[in-house]
Amino acid sequence: MGNLLILNGSPRAPRSNSRRYAQIFSSCYGENTEYFDISKRNHPELCAKLAGTSHVLFVFPLYADGLPVTLLNFLKSLEAAPPQNKPAVSVLINCGFLEPQQNEMAVEMMRLFCRQNHYPFGSVLKIGSGEAILDSPFRFLAVRKIRRFADSIAKGSYGTFQTTMPLPKGLFVKAAASYWINYGKKFGVTKEAMQTMQIEP
Amino acid sequence: MTGCNPGVIRIANAGTLPFKFRKVYKIVYYCVPLSGIIECKIQNGAYFDMKLILSDRPLPLELSDHPDVVCVDLTRLKIANCVGCFGCWTKTPGRCVIRDDAVKVYPLIAQSETVLYVSRIKYGGYDTVMKTMLERAIPVQQAFIRIVNGETHHVQRSVVPKDAVILAYGASDEEEQALFRQLIARNAHNMNFQSYRVLFCREDQVPDLVQTEVAKWGIS
Ligand SMILES: Cc1cc2nc3c(=O)[nH]c(=O)nc-3n(C[C@H](O)[C@H](O)[C@H](O)COP(=O)(O)O)c2cc1C
């Protein structure tokens with residue numbers, strides 16, 4: 001186990017769920033971690049950080065079934081300026097939908113990046129209902145899985161983990177509706193207004 | 001854009017069009033590549049199948065005789081990254097809060113029955129130019145969730161079901177192609193594809209393959 005670098009690939013990194021997952025990870029991981037948000041301007045700095053670490057954890061959301069552009073662009077920068085010693089890469093991804101398996105394509109993209117660029121691959125944690133789980137009674141499930149995920153990285157016994165809210169899909173649909181209705185209320189926007197069928201009305 | 005026919009109603013952009021309007025009026029879109037501005041014209045007539053080509057590289061196509069086809073060269077548009085604010089679901093539903101060229105494109109995606117997406121592949125997914133646009137297209141969905149094929153997905157706004165062809169170039173090997181195919185199968189649920197085909201080629205083959213595809217639409 002050595003030092004671990006956490007890079008947040010969410011476009012809203014400072015206010016992201018990914019950041020909260022990263023914080024829980026840091027508190028579970030035995031050794032020091034260093035955390036950075038990926039931004040448009042800090043690619044060279046982060047590429048240099050990567051050169052001095054033995055393990056890098058990418059935390060990010062699923063965007064349109066794939067990697068968010070923020071992360072994709074960073075990976076391209078890293079490909080162009082690779083470190084001499086390649087750290088192992090682990091992935092903590094969260095998505096809005098209930099099924100953690102919906103993250104699978106993005107995880108495969110990370111694996112492909114690692115294969116193409118010769119980075120050892122570490123552990124994976126896929127979180128479903130990632131927008132809501134931390135503020136739900138099921139937060140403990142996420143924390144528990146993050147702890148197991150962190151242990152697997154610390155011990156070098158890599159594995160794939162997943163978690164989500166243990167709700168029937170119909171109930172999740174209802175819970176999501178009230179989550180978004182409350183979200184809209186903050187802006188004075190009603191459920192009916194949010195349900196508009198018009199695009200660019 | 002200049003040169004609109006007399007009697008043609010001009011509206012600022014396609015997205016202002018109520019969905020049911022489409023059934024009554026004929027909609028003709030033009031993309032003005034230089035300014036990156038898309039203009040919509042409405043003519044009396046029957047509803048017809050709108051076709052959209054969305055490309056991450058310029059395409060040598062002559063489409064002036066085909067008003068039902070719009071070709072958008074994304075490299076000529078100014079499109080910022082989605083910032084994940086969910087404003088398009090919760091603050092100004094159906095409208096992105098970033099008022100750049102993307103807001104002219106996602107209504108076109110929503111209204112097209114046939115789409116041809118041309119994109120470079122990177123790490124088994126769309127490369128930056130196309131992916132940036134697709135991320136900015138989430139105003140076409142609602143925040144609310146429904147169950148599709150046993151999985152949770154968003155409710156769509158007025159998004160016409162689509163026959164999609166994805167022309168992907170620059171894949172490094174078959175493994176990358178296989179991953180991209182799986183991605184499109186997943187996208188189909190979220191992007192309302194009723195059918196799709198994925199084609200792979202080298203970059204230099206793109207113009208010919210695009211010609212072959214649009215020939216199937218009766219464009220030579
Ligand atoms: C542009 C965009 C695309 C998204 N695409 C998906 C998707 O394909 N599947 C999904 O389950 N969630 C999707 N989401 C939801 C996010 O993954 C989810 O809200 C996540 O919790 C955001 O994490 P973050 O706060 O760390 O950025 C999308 C969100 C945005 C803004």
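Rounded if a/c is under 1.5, else prolate if a/b is larger than b/c, else oblate: which is the range A:96-180, with a ≥ b ≥ c the root eigenvalues of its Cα gyration tensor? Oblate, since a/c reaches 1.5 and b/c is not below a/b. The C-alpha atoms of chain A define a longest principal axis, and helix A:139-155 lies at about 10 degrees to it. In terms of accessible area, using a 1.4 Å probe and ignoring ligands and nucleic acids, B:E174, B:E151 rank largest first as B:E174, B:E151.
For the protein assembly as shown, dividing the convex hull volume of the Cα atoms by the residue count gives 139 Å³ per residue.
Each helix, a run of at least 4 DSSP H residues, gives -39500 (n - 2.57); summed and divided by the residues of chain A, these come to -13000 deg cm²/dmol at 222 nm.
On a 0 to 90° scale, report how tilted helix A:169-185 is relative to the longest principal axis of chain A, with both axes built from alpha carbons and the result rounded to the nearest 10. Once rounded, one gets 80 degrees. For A:Y179, the accessible area of its heavy atoms, probed at 1.4 Å with every protein chain present, is near 70 square angstrom. Note on exposure: B:D73, B:D49, B:D208 ranked by accessible area (1.4 Å probe, complete protein assembly) read B:D208, B:D49, B:D73, with the most exposed listed first. For chain A, the convex hull drawn through the C-alpha positions has a volume of 132 cubic angstrom per residue. Ordered from highest to lowest accessible area with the whole protein assembly present and a 1.4 Å probe, A:K40, A:K185, A:K126 read as A:K40, A:K185, A:K126.
Within the full protein context, the accessible area of A:L167 is estimated at about 40 Å² for a probe radius of 1.4 Å. The angle between the Cα long axis of helix A:17-28 and the longest principal axis of the Cα atoms of chain A comes to about 50 degrees, rounded to the nearest 10.
The modelled label-to-label distance for the pair A:R41/B:S172, using points 7 Å beyond Cα in the direction of Cβ, is 3.1 nm. Computed from protein heavy atoms with a 1.4 Å probe, the total accessible area buried between A and B is close to 4700 Å².
For peptide B:53-63, how many partner chain Cβ atoms fall within 10 Å of a residue's Cβ, on average?
0
The values are calculated or read from the model by the stated rules, or taken from the named source; none is laboratory data. It should be emphasised that the depicted structure is a prediction, and the values quoted were computed from it without experimental measurement. Here the Cβ is made from the backbone with ideal geometry for all residues, glycine too, and neighbour counts use every protein chain on show. We work out accessible area using only protein heavy atoms, side chains counted, and drop any ligands, DNA or RNA first. Shrake-Rupley method; radii C 1.70, N 1.55, O 1.52, S 1.80 Å.
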